[in-house]
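Let me begin by presenting the structure, written as structure tokens, before commenting on it.
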Amino acid sequence: MLIGVLSDTHCLCDGHVAEYLRDCDEIWHAGDIGDEETLKWLQGIGPVVRAVSGNIDGGLVRRMCPERLVFDCNGAKVMLTHIGGYPGKYAPGIMPALRAVNPDIFVAGHSHILRVMYDDRLSLLYINPGAAGNQGWQKVRTIIRFHIDRGRPHDLEVIELGTRGKR
């Protein structure tokens with residue numbers, strides 16, 4: 001199963017994102033979608049879109065997307081949220097949730113910092129896809145793709161969409 005992961009689009013929908021996500025079986029958006037049109041645009045690309053709301057998202061997006069999702073994807077338990085911190089420095093309130101859920105994969109956004117690391121203490125793969133949008137301080141827009149087979153993520157690739165501010 002091919003998974004596309006993005007975050008912090010901040011209303012940006014463009015062909016670069018579509019090009020890399022159109023073959024994905026699932027698209028996961030880790031918040032700061034921006035508006036409902038961006039969410040609908042993503043739903044037009046992939047057969048399954050799982051998205052959480054972020055701190056910049058307004059009422060309609062918040063009604064469409066919860067703050068946190070927990071789901072199974074091809075044998076892997078996944079927890080998806082916007083503000084999650086990272087291994088060794090999780091956001092307040094995340095550690096109890098991670099211990100209760102015990103996910104195999106934890107995806108967060110918010111920081112605009114691309115980061116993939118294994119948390120030995122919690123036995124989970126942490127993914128922050130960076131930011132796919134033009135808002136923020138990041139220099140390069142990024143998304144991530146990877147495969148999940150029988151509960152195991154593999155062949156993770158970081159995709160650079162170009163310099164922030166350019167399409």
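The values are calculated or read from the model by the stated rules, or taken from the named source; none is laboratory data. This structure is a prediction, so every number in the text was calculated from the model and none was measured. Cβ: placed from backbone, ideal geometry, glycine included. Neighbour counts: every protein chain shown. Calculation scope for accessible area: heavy atoms of the full protein, side chains included, ligands and nucleic acids excluded. Shrake-Rupley method; radii C 1.70, N 1.55, O 1.52, S 1.80 Å.
Below, the figures for the structure above:
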{"quantity": "Which listed residue is under 21 Å from Phe106 (Cβ atoms), in contact with a Leu (Cβ under 8 Å, 6 or more places away or on another chain) and open to solvent by 10 Å² or more (accessible area, probe 1.4 Å), from Asp25, Asp35", "calculated": "Asp25"}
{"quantity": "Selected residue (criterion: nearest to the chain's Cα centre (by Cα)) from residues of the stretch 151-166 that are at pLDDT below 95 and open to solvent by 40 Å² or more (accessible area, probe 1.4 Å)", "calculated": "Glu160"}
{"quantity": "Qualifying positions in the stretch 113-150 - modelled with pLDDT under 95, more than 15 Å from the chain's Cα centre (by Cα) and open to solvent by less than 20 Å² (accessible area, probe 1.4 Å)", "calculated": "Gln138"}
{"quantity": "Flag for Gly58 being at pLDDT 95 or above and among the small types (Gly, Ala, Ser)", "calculated": "no"}
{"quantity": "Pick from the stretch 2-20, criterion at pLDDT below 95 and either closer than 18 Å to Asn74 by Cα or of a type in the set (D, E, K, R) (or both), ranking: most open to solvent (accessible area, probe 1.4 Å)", "calculated": "Glu19"}
{"quantity": "Neighbours by Cβ (under 8 Å, 6+ apart or cross-chain): first from the stretch 124-141, at positive phi; second surrounded by 21 or more Cβ atoms within 10 Å (Cβ to Cβ) and assigned to a loop (DSSP other than H, G, I, E, B)", "calculated": "Gly130/Ser7; Gly130/Asp8; Gly130/His112; Gly136/Asp8; Gly136/His112"}
{"quantity": "Neighbours by Cβ (under 6 Å, 6+ apart or cross-chain): first from the stretch 86-99, under 16 Å from Leu114 (Cα atoms); second of a type outside the set (D, E, K, R) and open to solvent by 40 Å² or more (accessible area, probe 1.4 Å)", "calculated": "Pro87/Met117"}
